[in-house]
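Have a look at the structure below before the remarks.
The values are calculated or read from the model by the stated rules, or taken from the named source; none is laboratory data. As the structure is a computational prediction, the values presented were derived from the model and not from experiment. Cβ atoms come from the backbone with ideal geometry, glycine included; neighbour counts cover every protein chain shown.
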Amino acid sequence: MAIKKTYSQAARVQAILRTLGARHGITIGELAEEFGVTKRTLYRDLKALEEAGSPILSEVTDGTTYWKLEPSFKGIPPLTFTLNELMALYFSRKLFMSPGGSPFQTELESAFKKIESALPAKHIARLEKIEEMFTPLIKASKKIDLDKGIFETVQWAILNQNILKLEYKPRKGNRALHFEVYPYSLLLYKGAFYLFCFVPEKGMRYFALEGIKKAERMNERFEIPEDFSISEFLKVPFGLFHGKQITVKVIFDKELSDYIQRHTWHPSQSIKELKDGKILLSMTASGKEEIKAWILSFGPKAKIILPKFLMEEIETDIKKTLASYRV
């Protein structure tokens, strides 16, 4: 007995489009039989294709309705990729698929199966080699354990600019908090997803997605102010979190000179070479705790000289660390 193919919704819709293009007419019953779904599901799929702009026609012959594509419709031209483009795509997928997992894992796998099905045979044979050409080394990655339903609700609310009702449980504290927010964007930062949103009377806020216990998409919509730029807003903090902006000056040892100069640590940074081979990095940013952690990561090879209060805080942190090692 022949085994029927099973399809994801996206793959089925694409397969229906190809079937309509290859036939002079097909009934809903025949489509249902071919794809192993109900007629009701097929009607939804056809509606989705029409809404996406596919010119679907229905004609009645001897009391039976036949579905087909407009004869002049040529369809979407097949995708073609150069080997360099394929390498870039596969490397990008590996970057996003961290050991901690990805909320897009199923969708990514489905998308790449479609890409592979459209490739010429000469490229298929090289896919395994392409997969092994680049290997991002990602260690100590954060385990991504997100509720799929909540994640999709947040995505659609951002896309359609719907107000969201959230039940949120912070890492510190046992009490759940409730908010109505205007969702602007999803941020991926150090292996964790954050909802970047506007909270009336509180301003811009970040919510860790793993802390969102319930999300309800409201019918009410919102508008992002025309003079607001998400990318410009995110340039201000050193890391993720905002706060008071401070001007920071750090001197790095000579042996770190090349390493520091090869990196853009913050959009506002400026670097000056000193006579003894050391370098002075200056920047103005917010996010005091993240700046402190960054400076401390270089150990004795980095010395903060401005601002004074941050020098004192770092000195206190170092003394506490030393004390913890004393027996």
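Condition check ((1) among the small types (G, A, S); (2) part of a helix (DSSP H, G or I); (3) surrounded by 12 or more Cβ atoms within 10 Å (Cβ to Cβ); (4) at pLDDT 80 or above) across all residues:
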| residue | (1), (2), (3), (4) |
| --- | --- |
| P77 | no, no, no, no |
| M87 | no, yes, yes, yes |
| L108 | no, yes, yes, yes |
| K114 | no, yes, yes, no |
| H123 | no, yes, yes, no |
| I144 | no, no, yes, no |
| A157 | yes, yes, yes, yes |
| L164 | no, no, yes, yes |
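All but one of (1) more than 18 Å from V199 (Cα to Cα); (2) of a type outside the set (A, V, I, L, M, F, W, C); (3) not in a helix (DSSP H, G or I) hold for D227, so report the exception by its number.
(1)
Looking at (1) surrounded by fewer than 16 Cβ atoms within 10 Å (Cβ to Cβ); (2) at pLDDT below 90; (3) touching a strand residue (DSSP E or B) at 6+ places or on another chain (Cβ under 8 Å), which is the one condition that is false for V199?
Evaluating V199 over (1) surrounded by fewer than 16 Cβ atoms within 10 Å (Cβ to Cβ); (2) at pLDDT below 90; (3) touching a strand residue (DSSP E or B) at 6+ places or on another chain (Cβ under 8 Å) leaves (2) as the failure.
Does the stretch 160-172 include one or more residues that are over 30 Å from F222 (Cα atoms) and either touching a strand residue (DSSP E or B) at 6+ places or on another chain (Cβ under 7 Å) or not assigned by TED's automatic domain parsing to the domain that holds L95 (or both)?
There is at least one residue in the stretch 160-172 that is over 30 Å from F222 (Cα atoms) and either touching a strand residue (DSSP E or B) at 6+ places or on another chain (Cβ under 7 Å) or not assigned by TED's automatic domain parsing to the domain that holds L95 (or both).
Which one is farthest from M97 (Cα to Cα), of the residues in the stretch 175-212 that are of a type outside the set (A, V, I, L, M, F, W, C) and in contact (Cβ under 8 Å) with a residue 60 or more places away in the chain?
So, considering only residues that are of a type outside the set (A, V, I, L, M, F, W, C) and in contact (Cβ under 8 Å) with a residue 60 or more places away in the chain, the one farthest from M97 (Cα to Cα) is E210.
Sort through K292, K278 and tell me the only one that's over 22 Å from F309 (Cα atoms) and either of a type in the set (A, V, I, L, M, F, W, C) or in contact with an Asp or Glu (Cβ under 9 Å, 6 or more places away or on another chain) (or both).
Of K292, K278, the one residue that is over 22 Å from F309 (Cα atoms) and either of a type in the set (A, V, I, L, M, F, W, C) or in contact with an Asp or Glu (Cβ under 9 Å, 6 or more places away or on another chain) (or both) is K278.
With respect to L240, is the statement that it is touching a Phe, Trp or Tyr at 6+ places or on another chain (Cβ under 6 Å), part of a loop (DSSP other than H, G, I, E, B), of a type in the set (A, V, I, L, M, F, W, C) and under 28 Å from P170 (Cβ atoms) true?
yes
Among the residues of the stretch 285-327, which ones are surrounded by 12 or more Cβ atoms within 10 Å (Cβ to Cβ) and of a type in the set (S, T, Y)?
S286
Among the residues of the stretch 253-300, what is the count of those that are free of Cβ contacts under 8 Å to residues at least 24 places away in the same chain and touching a Lys or Arg at 6+ places or on another chain (Cβ under 6 Å)?
Qualifying residue count, the stretch 253-300: 1.
Can you list residue pairs whose Cβ atoms sit under 9 Å apart, with the first residue in the stretch 315-327 being touching a residue at least 12 places away in the same chain (Cβ under 8 Å) and the second being in a helix (DSSP H, G or I)? Count only pairs 6 or more apart in sequence or on different chains.
So the pair list comes out as D317/K292; D317/L296; I318/L296.
When you check R217 against the structure, is it surrounded by 15 or more Cβ atoms within 10 Å (Cβ to Cβ) and either at pLDDT 95 or above or over 15 Å from the mean Cα position of the chain (by Cα) (or both), yes or no?
Answer is yes for this residue.
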